[in-house]
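Contents: one structure, followed by commentary.
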Amino acid sequence: MTMKFAMKKFHLVSKYANYLTWDEKQNAPLIELSYVIFKKAWSPKKYQKWMNDPEVHKYTEQRYKKHSLKDIKKFVKEKNKSKTEFLFGIFLKKNKILNHIGNIKLGPINFIHLTAEISYFLGEKDLWGKGYTTIAIKKIINIARKKKLKKLKAGFYEMNKYSKKVLEKN
């Protein structure tokens, strides 16, 4: 099953483009998207642990592969050099400390048709169901909009009801 995000949808979410935190006065967590390699908070070993966790990737094609540290670093390096794929880390910021909690990728981008795919995962299982992926998707939609994209696609396994719910919110 594939969800499609048309330009109309971008307009609906544009009011959330600068949405950073729920309540700064209560010292609530801040979600940031940033290129993975440039953040000191990024840990290749933590990323590798997530990629090899059968529960984290239960509903992705990544579950069929064993990921080495070398594979992880190579993947991040390739995405950072790519002109059509953009890998972002999802970082939770609390009390000025950044914690890498997952990733979201925009691409590959088809610049002729102005379309792209998004893929994402939250590696920190104790943070599942708290709205962080929803915020990350809102932010990636804003990035896609700045790139003048007209349509985004996100695929998921039909039995992954949580991913379906997150995409329907956006």
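Largest accessible area first, the listed residues ASP53, ASP71, ASP126 line up as ASP126, ASP71, ASP53 when surface is computed with a 1.4 Å probe on the assembled protein chains. Electrostatic tally near TYR59: other residues with Cβ closer than 12 Å to its Cβ, Lys and Arg +1, Asp and Glu -1, net +1.
Listed cross-link partners LYS96/LYS169; LYS74/LYS147; LYS77/LYS146; LYS65/LYS146; LYS45/LYS153; LYS96/LYS151 are compared with a 32 Å cut-off, the Cα-Cα value being larger for LYS65/LYS146; LYS96/LYS151. Could you tell me the ratio Rg/Rh of region 90-156? Both radii from Cα atoms, Rh via Kirkwood. My calculation puts Rg/Rh at 1.03.
Once the Cβ-Cβ distance between ASN52 and LYS94 is put in as r, and R0 is 25 Å, what FRET efficiency do you end up with, to the nearest 0.05? Step by step, r from the Cβ atoms, then E = 0.40. Counting only protein heavy atoms and a 1.4 Å probe, region 86-170 has 50 square angstrom of accessible area per residue. Modelled this way, with points 7 Å down the Cα-to-C-beta line, the labels at ASN80 and PHE111 are 2.2 nm from one another. With the highest mean first, a sort of the peptides 78-85, 96-103 on other beta-carbon atoms found within 10 angstrom per residue produces 96-103, 78-85. Neighbours of LEU87 by Cβ distance under 11 Å: Lys/Arg scored +1, Asp/Glu scored -1, total +2. Ligands, DNA and RNA excluded, the heavy atoms of LEU92 present near 20 Å² of accessible surface to a 1.4 Å solvent probe.
Normalising the average separation of contacting C-alpha pairs (under 8 angstrom, six or more residues apart) by the number of residues puts the relative contact order of region 34-150 at 21 percent.
Cβ-Cβ distance of ASP126 and LYS73, R₀ of 22 Å, FRET efficiency by 1/(1 + (r/R0)^6): the value works out to about 0.30.
Order these peptides, 127-134, 157-164, 63-70, by their mean beta-carbon neighbour count within 10 angstrom, highest first.
Working: 127-134: 16.6, 157-164: 13.4, 63-70: 11.2.
Going by the mean number of other Cβ atoms within 10 Å, highest first, we get 127-134, 157-164, 63-70.
Put a dot 7 Å past the Cα of LYS165, heading toward its Cβ, do the same for TYR59, and the two dots end up 1.0 nm apart. Report, to the nearest whole %, how much of the accessible area of region 115-164 belongs to carbon and sulfur atoms, 1.4 Å probe, protein only. Carbon with sulfur: 49 percent of the solvent-accessible area.
The values are calculated or read from the model by the stated rules, or taken from the named source; none is laboratory data. The structure displayed is predicted, hence computed values, not measured ones. We place every Cβ from the backbone using ideal geometry, glycine too, and count neighbours over all the protein chains shown. Ligands, DNA and RNA are excluded from the accessible area calculation, which covers all protein heavy atoms including side chains. Shrake-Rupley method; radii C 1.70, N 1.55, O 1.52, S 1.80 Å.
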